[in-house]
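The values are calculated or read from the model by the stated rules, or taken from the named source; none is laboratory data. These numbers come from a predicted model, not from an experiment. Cβ atoms come from the backbone with ideal geometry, glycine included; neighbour counts cover every protein chain shown. Keep in mind that these areas ignore ligands, DNA and RNA; they rest on the heavy atoms of the full protein, side chains included. Shrake-Rupley method; radii C 1.70, N 1.55, O 1.52, S 1.80 Å.
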Amino acid sequence: MTNTLQKIRVAIVDDHDMLREALRLMLEHAGIVQIKIIAMHGQDLIEQMKEKEIDLVILDIQMPVMDGMQTLNYLKTNHRDLKVIMYSSLGDEEIIKKYKLHGADGYVVKSKAIELIDEINMVMN
């Protein structure tokens, strides 16, 4: 899937424009990823995945149209090898446990965005 010379192909899924752009800038600056998809919600992600291959999804929980849990369930059913990191303002341990039980490979609270790079490295290795 990925190696040390190939950047991780990432999709960012969040319904807030400014947050998507900030994440894109932060991740591109880190130099380990290539942003392939920027989506507003799960349905938008699924449509874009028809044309672009990705290795990792950074997925918000609270979104219109198709929320984080619906999207996670779809991805883990239809794209089993795809890694998913939940990225949310909700940091309650019960919520984190719930998403991990449903197949999330990682979880980062938005207030600790700097931890996202480490989480990507851990999930992909």
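Computed from phi, the 3J(HN,Hα) profile of the stretch 70-81 under the Karplus parametrisation 6.51, -1.76, 1.60 (θ = phi - 60°) reads 4, 5, 4, 4, 4, 4, 6, 7, 9, 9, 4, 7 Hz, with x in place of Gly and Pro. Whole Å is fine, so just give me how far the alpha carbon centre of the stretch 77-125 lies from that of the stretch 36-74. Between the Cα centres of the stretch 77-125 and the stretch 36-74 lies a distance of 14 Å. Ligands, DNA and RNA left out, the accessible area of the chain computed with a 1.4 Å probe is 51% carbon and sulfur.
Relative to the current alpha-carbon distance between Asn125 and Asp15, full extension at 0.36 nm per residue lengthens the span by 36.8 nm. In this structure, the amide hydrogen of Ile38, modeled 1.01 Å from its nitrogen in the peptide plane, lies closer than 5 angstrom to those of Ile12, counting only residues at least 5 positions away or on a different chain. Annotation: per residue accessible area for the chain equals 55 Å², rounded to a whole number [probe 1.4 Å, protein chains only]. Bridges between two residues of the chain, per DSSP, are antiparallel at a rate of about 0%.
With a ≥ b ≥ c the root eigenvalues of the C-alpha gyration tensor of the stretch 26-68, is it rounded (a/c under 1.5), prolate (a/b larger than b/c) or oblate? Because a/c hits 1.5 or more and a/b fails to exceed b/c, the stretch 26-68 counts as oblate. Between the listed residues Met63, Gly106, Met18, the Cα displaced farthest toward the positive end of the dipole of the chain, a dipole computed from Cβ unit charges relative to the Cα centre, is found at Gly106.
When +1 charges are put on Lys and Arg Cβ atoms and -1 charges on Asp and Glu Cβ atoms, the dipole computed for the chain relative to its Cα centre reaches about 320 debye.
Under the simplified labelling scheme, the Glu93-Gln34 pair shows an inter-label distance of 4.1 nm, with each label point 7 Å from Cα along Cα→Cβ.
Within the full protein context, the accessible area of Tyr87 is estimated at about 10 Å² for a probe radius of 1.4 Å. Close Lys pairs in the stretch 40-119, defined as Cα atoms under 25 Å apart and 8 or more places apart or on different chains, number 19.
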